[in-house]
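K.L.:
Here's a structure for you.
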Amino acid sequence: MEDDLPSEYDVIVVGTGMTESIVAAAASRIGKRVLHLDSNEYYGGLWASFNFEGIQKWIEDCHHPANPQEENVMSAVANDGEMLIKAGNQFSTISNIEEKWYIVEELADYQEGLLFSRNTQTDGGEIKGDVDNTKKEEDYETEKHEEEESEAGCGKDIVPHAPTQQWSQAKLKKEYRKFNLDLAPKLLFARGSLVELLISSNIARYAEFRSVTRVLTWLDGRLESVPCSRADVFATRHVTVVEKRMLMKLLTACMEYENSSKEFEGFEDKPFLEYLKSKKLTPNLLHYVLYAIAMATGTTPCMEGVARTQKFLNSLGRYGNTPFLWPMYGSGEIPQCFCRLCAVFGGLYHLKRAAEAVIVSDGEDSNLTCHAIVSGGRRLNTSHLVLAVGYAPPQFLQTAPNGGVSRGIFITDRSILPADKESLTLLQFPSADGCGEPVTVIEVGPSTNACPPGMYVVHMTCKQKITAREDLQTVVQKLLHTEFSDGAMIRTNTDTQSTQTASPNKTHSEDSEGQEGNETEDKGKSDPGSDLKPQVLWSLFFNCPETSDCDLTANVPTNVFLCSGPDVDLDFEHAVKQAKEIFSKMYQDSEFLPRAPDPEEIVLEGEESTPGPVFEGDSSEAKADENKSELGDEEEKGADDGGAE
Amino acid sequence: MTNLGSAMANRSGAQRPNGTQGKICQFKLVLLGESAVGKSSLVLRFVKGQFHEYQESTIGAAFLTQTVCLDDTTVKFEIWDTAGQERYHSLAPMYYRGAQAAIVVYDITNQDTFGRAKTWVKELQRQASPNIVIALAGNKADLANKRMVEYDEARGYAEENGLLFMETSAKTAMNVNDIFLAIAKKLPKNEQVAGAGTSGQGRRLVESEGQQKAPGNCCK
């Protein structure tokens, strides 16, 4: 192992997940000596995004976890009065992994050009663990042929709702680089704490985003577009003028609830649902507000529902049509952006390097302090240790995490609700009784670099009850076609889809009256409808531990800080909050991620510097004077505005 | 020694080329290469016209911009330095995202760095956009008496792999502007005018976008 790492640090951070990366950046930004390690060869830990090859390797690694090596030398690096605690790995264990293909390994030659498919094997649509598929060696015999095919395919996909490609496993694998599949897909609220932090710290320049284009909900057995902005509400045809007024009044009340406490009098202890019912909203509107805007359930307390509604509304109108942003190349980019800032300010990065043990003072349990870690058999001293909970020694946690997150990733051949343009969709799928936890569905397409043209990626996330597959089964069956397909051609009849547009002012307008009366589940779901569901080409289910509500402070040495893994929430808010808390415990009086200078502001030593305003909090440790700030902003802005179109 | 060619390096970084000059293209350019081959020095020479013999790993400045004027087009490079993440082979994939150009740097006095440069080229071919323009720079050409990598060997390799190639010296400024200019010439100018290293796809987040609710909280 290359071993010229310095041995003294202010902060050692182990794990490159979201919280760890923010803390690392914040410490480095104020001039602290930071070492950032990850035992994996990739960034992000359980927050990572992978291309298709990467996720296959990740699955394999989950099945065959590397055994932490025994280091004989370890005891040698501890001094008298110190003890060694071995690092753990049990809080990042992935379970219930089920990977499955729904398409043939390779297309027969005649299928490449012909628009019919053999009616051969199906496996009954039963989703079962089929991990062995991954082990099959890729066969490149037909590679040359497919190359031609994929070129032709690109041209065909200009119309996003007309999937005409036949996919085989080999063909999909060949496009592996064009995938970015997220272990923990997360959206950003346009005015959420992460967006504000990215902008205020100037880390935003490392990342690009796309706006979520629509919010869908599942109502009366079908997908519906939720009017989420004022304009949407007024453009929607299937609510009457009276209803529109009711809705606007309600949303206004939620926005101003601090000033209008009377509005919610008597509902403080009651569910939000009861408040909504008291407003005599029609069932449709009530459904929109409760499940899609507040993203609540039938049992969510009133004031929480109000706060959630407010959060949604607050983020409207900043970027695009919905309150949400999605990171280009996937959620796994965001931790990397913070890591880059850390590196830019001098933080050292070493992937594929673990912390085998933590060296703590040998004393009263309540007053333990961490002195160092052991990494690669070497002692690395540090004043603070920030540790992903996955690496935490078991004794650092009072109780093992008991919750989990159920995840499903599906590569499909079309959108769950095709529209004129490629959509980026959020759908909170309500539980069957309306009171249980919803399933969060995020659908991303090629324009986010989630997948090659002609495909979509559907992410499903919910709290774990049984296994990921069982927890998500209902929603999978409602939204996706999971029969085995030997070519996907036979199901394709694109013309019928164009009636199902997602635009709120056109959606099902002719059906709207019908829905208000209690339409049955089967309405509009004659079999052409189910045929239009996206064909799943590949799926992956897994469970990962949910550690965000564990007590991560009870049993740790005073200068050790544990960071939880991905939570079930839609956004990154928890990680940002946790990172801020950890930073303020380490460096109480320091500013958290002050703005980094723009390139135009950087004047290097020895250069004649034009005097200009100097930013507070950006002192000598940055080794960069800052001036020309306004100019820098203008330039950035000029470029950005253009790029946003 | 400085050979500006037809390039006019805009050293102040403060002047905006005015709109009447023609179109402005912005490109993300990433630097790659072993530690201490002179990546940062090349950029400093190009952007600031400076050279420091004992340049420390650049802190806080791993992101610079410089413009090159090319006929009727102004090419603005957004130059990304590795910020040291290459040292333990830990460069993040986000570094390559949307990069339209790359300079892979080696040190002509160190054969190992040439070997590593080849690895970086492979890495780019694996990770970066297929259309990326790659230039190979044999830096420290002022130390020709300690040369360990032959010019013809490197040029041959570059030709085989479709790379631009020059030997450069950040110290004497030899070929520094030229290599950026050569890249600028090779980059497609018609794609998008406001790339900002975004490959024209996603949006960057800026404070001013949309109606503001809270007062701007940057620069606090």
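K.L.:
State whether the residues of the stretch B:37-56 include one that is more than 30 Å from residue A:448 (Cβ to Cβ), at pLDDT 85 or above and surrounded by fewer than 15 Cβ atoms within 10 Å (Cβ to Cβ).
P.N.:
Within the stretch B:37-56, one or more residues are more than 30 Å from residue A:448 (Cβ to Cβ), at pLDDT 85 or above and surrounded by fewer than 15 Cβ atoms within 10 Å (Cβ to Cβ).
So that you can scan it fast, the table gives a plain yes or no per residue for (1) closer than 27 Å to residue A:194 by Cα; (2) touching a His at 6+ places or on another chain (Cβ under 7 Å); (3) open to solvent by 10 Å² or more (accessible area, probe 1.4 Å); (4) free of Cβ contacts under 8 Å to residues at least 12 places away in the same chain:
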{"site": "A:7", "(1), (2), (3), (4)": "no, no, yes, no"}
{"site": "A:11", "(1), (2), (3), (4)": "yes, yes, no, no"}
{"site": "A:16", "(1), (2), (3), (4)": "yes, yes, no, no"}
{"site": "A:28", "(1), (2), (3), (4)": "yes, no, no, no"}
{"site": "A:48", "(1), (2), (3), (4)": "yes, no, no, no"}
{"site": "A:59", "(1), (2), (3), (4)": "no, no, no, no"}
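K.L.:
Oh, and also: Go through the stretch B:77-91 and report how many residues are part of a loop (DSSP other than H, G, I, E, B) and either more than 8 Å from every other protein chain (Cβ to nearest Cβ) or touching a Leu at 6+ places or on another chain (Cβ under 8 Å) (or both).
P.N.:
Result for the stretch B:77-91: 10.
K.L.:
Return the residues of the stretch A:399-452 that are of a type in the set (Lys, Arg) and part of a strand (DSSP E or B); say none if nothing qualifies.
P.N.:
Passing the criteria: only A:407.
K.L.:
Kindly indicate the residue of the stretch B:128-148 that is surrounded by fewer than 20 Cβ atoms within 10 Å (Cβ to Cβ) and among the polar types (S, T, N, Q) and also nearest to residue B:163 (Cα to Cα) among those meeting that condition.
P.N.:
Only one residue fits best here, namely B:131.
K.L.:
Restricting to the stretch A:412-433, name every residue that is of a type in the set (Gly, Ala, Ser) and out of contact with any Phe, Trp or Tyr (no Cβ under 8 Å at 6 or more places or on another chain).
P.N.:
A:419, A:423, A:431, A:432
K.L.:
Another question, then. Can you name every residue in the stretch A:447-464 that is within 13 Å of residue A:181 (Cα to Cα) and either open to solvent by 10 Å² or more (accessible area, probe 1.4 Å) or touching a Cys at 6+ places or on another chain (Cβ under 9 Å) (or both)?
P.N.:
If the condition is that a residue be within 13 Å of residue A:181 (Cα to Cα) and either open to solvent by 10 Å² or more (accessible area, probe 1.4 Å) or touching a Cys at 6+ places or on another chain (Cβ under 9 Å) (or both), then A:449, A:452, A:456, A:457 are the ones that fit.
K.L.:
Go through (1) crowded, with 23+ Cβ neighbours inside 10 Å; (2) within 14 Å of chain A (Cβ to nearest Cβ) one by one and return the number of the condition residue B:125 breaks.
P.N.:
The number of the failed condition is (1).
K.L.:
Pairs please, first residue from the stretch A:464-488 and over 11 Å from residue A:407 (Cα atoms), second anywhere and of a type in the set (Gly, Ala, Ser), Cβ atoms under 7 Å, 6+ apart in sequence or on different chains.
P.N.:
Within 7 Å, the pairs are A:474/A:432; A:476/A:408; A:482/A:125; A:483/A:125; A:486/A:117; A:487/A:117.
K.L.:
Can you pull out the residues in the stretch A:173-192 that are open to solvent by 20 Å² or more (accessible area, probe 1.4 Å), assigned to a loop (DSSP other than H, G, I, E, B) and either touching an Asp or Glu at 6+ places or on another chain (Cβ under 6 Å) or within 8 Å of another protein chain (Cβ to nearest Cβ) (or both)?
P.N.:
A:191
K.L.:
Separate question: Please enumerate the residues belonging to the stretch A:192-211 that are at pLDDT below 95 and either closer than 30 Å to residue A:100 by Cβ or basic (Lys, Arg) (or both).
P.N.:
Passing the criteria: only A:205.
K.L.:
Which one is farthest from the other protein chains (Cβ to nearest Cβ), of the residues in the stretch A:193-210 that are open to solvent by 10 Å² or more (accessible area, probe 1.4 Å) and over 17 Å from residue A:340 (Cα atoms)?
P.N.:
Out of the qualifying residues, it is A:193.
K.L.:
Out of the stretch A:314-335, which residues are open to solvent by 10 Å² or more (accessible area, probe 1.4 Å) and either within 16 Å of residue B:97 (Cα to Cα) or of a type in the set (A, V, I, L, M, F, W, C) (or both)?
P.N.:
A:316, A:329, A:333 - these are the residues of the stretch A:314-335 that are open to solvent by 10 Å² or more (accessible area, probe 1.4 Å) and either within 16 Å of residue B:97 (Cα to Cα) or of a type in the set (A, V, I, L, M, F, W, C) (or both).
K.L.:
Hey, could you check the stretch B:1-36 for residues that are touching a strand residue (DSSP E or B) at 6+ places or on another chain (Cβ under 9 Å) and under 22 Å from residue B:90 (Cβ atoms) and say which is modelled with the lowest pLDDT?
P.N.:
B:36
K.L.:
Does residue B:199 count as surrounded by 21 or more Cβ atoms within 10 Å (Cβ to Cβ), modelled with pLDDT of 95 or more and assigned to a loop (DSSP other than H, G, I, E, B)?
P.N.:
Against the criterion (surrounded by 21 or more Cβ atoms within 10 Å (Cβ to Cβ), modelled with pLDDT of 95 or more and assigned to a loop (DSSP other than H, G, I, E, B)), residue B:199 does not qualify.
The values are calculated or read from the model by the stated rules, or taken from the named source; none is laboratory data. What you are looking at is a predicted structure, and each value in this text was computed from that prediction instead of being measured. Please note: Cβ atoms are built from the backbone with ideal geometry, for glycine as well, and neighbour counts cover all protein chains shown. Remember, those area values only see protein heavy atoms, side chains included, never the ligands or the DNA or RNA. Shrake-Rupley method; radii C 1.70, N 1.55, O 1.52, S 1.80 Å.
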